[in-house]
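The values are calculated or read from the model by the stated rules, or taken from the named source; none is laboratory data. A quick note: this is a predicted structure, and the numbers were derived from the prediction, not measured. Every residue, glycine among them, receives a Cβ derived from its backbone with ideal geometry; neighbour counts consider all protein chains shown.
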Amino acid sequence: MRIAAALLARGNPKEPVPFQEILPLKLKPRVSGKGDKTSEVCCIYEMSVMLSCFKDNEFNQSLCSKEIEAFKKCYTNNLETKKAKKEKEAKCMLTPGEKSLSHKQINLLLRKFPNIK
């Protein structure tokens, strides 16, 4: 209640605050690739199912073969998708309608369509 009263006591400013341009309003000619490196964790569910099976069966792997195979399948699928993504980024191909672009693809677009001065 006090915060709302304090905000209402100020009221609206009579004149809007003028915009002061400190740096030029244009994009840089390239972006860095620092933000692309994410620690993506895969197959957590399959791993937890496998470990709970180990715990229930006193770490006897022969009784948990189905869970082990599911975990291996998930891991190999994840490796294949990572490899395909890495190959696609190495070619620097632009795919229409793609929602997330790598830094190389963004730099390619910035080279094709530079800032107008």
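Among the residues that make up segment 76-89, is at least one of them within 25 Å of the chain's Cα centre (by Cα), under 23 Å from residue 28 (Cα atoms) and outside any helix (DSSP H, G or I)?
no
Can you find even one residue in segment 6-18 that is among the acidic types (Asp, Glu), modelled with pLDDT of 90 or more and more than 24 Å from residue 109 (Cα to Cα)?
no
Can you pull out the residues in segment 90-111 that are within 18 Å of the chain's Cα centre (by Cα), more than 20 Å from residue 28 (Cβ to Cβ) and among the basic types (Lys, Arg)?
99, the sole residue that qualifies.
State which residue pairs qualify: first residue without any contact (Cβ under 8 Å) to a residue 60 or more places away in the chain and inside segment 68-82, second residue in a helix (DSSP H, G or I) and exposed (fewer than 12 other Cβ atoms within 10 Å of the Cβ) in any location, beta carbons under 9 Å apart, and separation of 6 or more residues or different chains.
Taking only residues 6 or more apart or on different chains, the pairs are 74/45.
Could you list all residues from segment 29-69 that are in a helix (DSSP H, G or I), within 25 Å of residue 82 (Cβ to Cβ) and among the small types (Gly, Ala, Ser)?
Across segment 29-69, the qualifying residues are 35, 48.
What pairs can you find where one residue is in segment 88-117 and charged (D, E, K, R), the other is loosely packed, with under 12 Cβ neighbours inside 10 Å and outside any helix (DSSP H, G or I), and their Cβ atoms are less than 7 Å apart, with a gap of 6+ or different chains?
104/92
With respect to residue 73, determine if the residue is over 30 Å from residue 116 (Cα atoms) and modelled with pLDDT under 90.
No: the conditions fail for residue 73.
Hey, residue 58 hits all of (1) at negative phi; (2) over 18 Å from the mean Cα position of the chain (by Cα); (3) acidic (Asp, Glu) but one; which does it fall short on?
Of everything listed in (1) at negative phi; (2) over 18 Å from the mean Cα position of the chain (by Cα); (3) acidic (Asp, Glu), residue 58 misses just condition (1).
Only one residue in 52, 32 is modelled with pLDDT under 90 and among the hydroxyl-bearing types (Ser, Thr, Tyr). Which one?
32
Please count how many residues of segment 76-98 are exposed (fewer than 11 other Cβ atoms within 10 Å of the Cβ), at pLDDT 85 or above and of a type in the set (Lys, Arg).
1
For residue 37, are the conditions met, namely being modelled with pLDDT of 80 or more, farther than 30 Å from residue 116 by Cα and either more than 31 Å from the chain's Cα centre (by Cα) or not β-branched (Val, Ile, Thr) (or both)?
When the stated conditions are applied, residue 37 does not pass them.
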